[in-house]
Amino acid sequence: MRIPGSGIRAAFPAALVLAALFSPAAQAVLKVGDAAPAFTTQAAVAGKPFEFDMKAALAKGPVVLYFFPKAFTQGCTLEAHAFAEASPAFNALGAQVVGMSHDDIATLQRFSTEACRDQFAVASDPQAKTIRAYDASAAANPQRADRISYVIGQDGRIKFAHVGADPMEHVAQTKAAVQQLQRGK
């Protein structure tokens, strides 16, 4: 397509389509108001394994469920440290933080102590069933999780979703969402 009088070919419509397809905003995530899929899986806190049950967790209060690509990588460790530091604030708001990746439970037992500093649970999804159910698969590797965070209300509905590469934003955004959720009660 030529832009009249400019001598310039307009290639940007195709570029806009490609940008939309590959931008973080194009990531398919569950929407606010969607039912959060219930699941049970192996998890660990403070190095000790247990069975995490989303329905049981929601009976106690809202859940911040954040998906991360791989334990012990730089960004995921940074994010775990930040959620660990923020855990007292989440707990004061009545919310429980749970991280999830495709890593096996043995790896997450170590990660729960070393990176999560014994502050919150990390759940194992080696078959990526829950990752797929929450539309949290990484585009480049669907077995792995992308960096996506949800705040799930006690009614089992998605109250907030955040997609982005910056691990610190996940902590800040989910904490603000939980605060807003608690003000709305």
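Numerical summary
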{"read-out": "Region 77-114 and region 26-69: distance between their alpha carbon centers, rounded to Å", "value": "12 Å"}
{"read-out": "By average C-beta atoms within 10 angstrom, highest first, the peptides 71-81, 95-105", "value": "95-105, 71-81"}
{"read-out": "DSSP bridge orientation in region 42-149 - percent antiparallel, rounded to nearest 5", "value": "50 percent"}
{"read-out": "Net charge contributed by nearby residues that have their C-beta within less than 10 Å of Gln42 (K/R +1, D/E -1)", "value": "-3"}
{"read-out": "Cross-link pairs Lys129/Lys185; Lys48/Lys129; Lys70/Lys129 - those with Cα-Cα distance over 21 Å", "value": "Lys129/Lys185; Lys48/Lys129"}
{"read-out": "Percentage relative contact order, region 73-127, counting C-alpha pairs under 8 Å, at least six apart", "value": "42 percent"}
{"read-out": "Accessible area of region 87-185 divided out per residue, in Å², using a probe of 1.4 angstrom", "value": "44 Å²"}
{"read-out": "Estimated vicinal HN-Hα couplings, Hz - region 136-147 in sequence order (Karplus 6.51, -1.76, 1.60; Gly, Pro = x)", "value": "10, 6, 6, 4, 6, 8, x, 6, 9, 7, 8, 8"}
{"read-out": "Portion, in percent, of the accessible area of region 141-185 that falls on carbon or sulfur, probe 1.4 Å", "value": "47 percent"}
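The values are calculated or read from the model by the stated rules, or taken from the named source; none is laboratory data. Quick caveat: nothing in here was measured; it's all calculated off a predicted structure. Cβ atoms come from the backbone with ideal geometry, glycine included; neighbour counts cover every protein chain shown. For accessibility, only protein heavy atoms count, side chains too; no ligands or nucleic acids. Shrake-Rupley method; radii C 1.70, N 1.55, O 1.52, S 1.80 Å.
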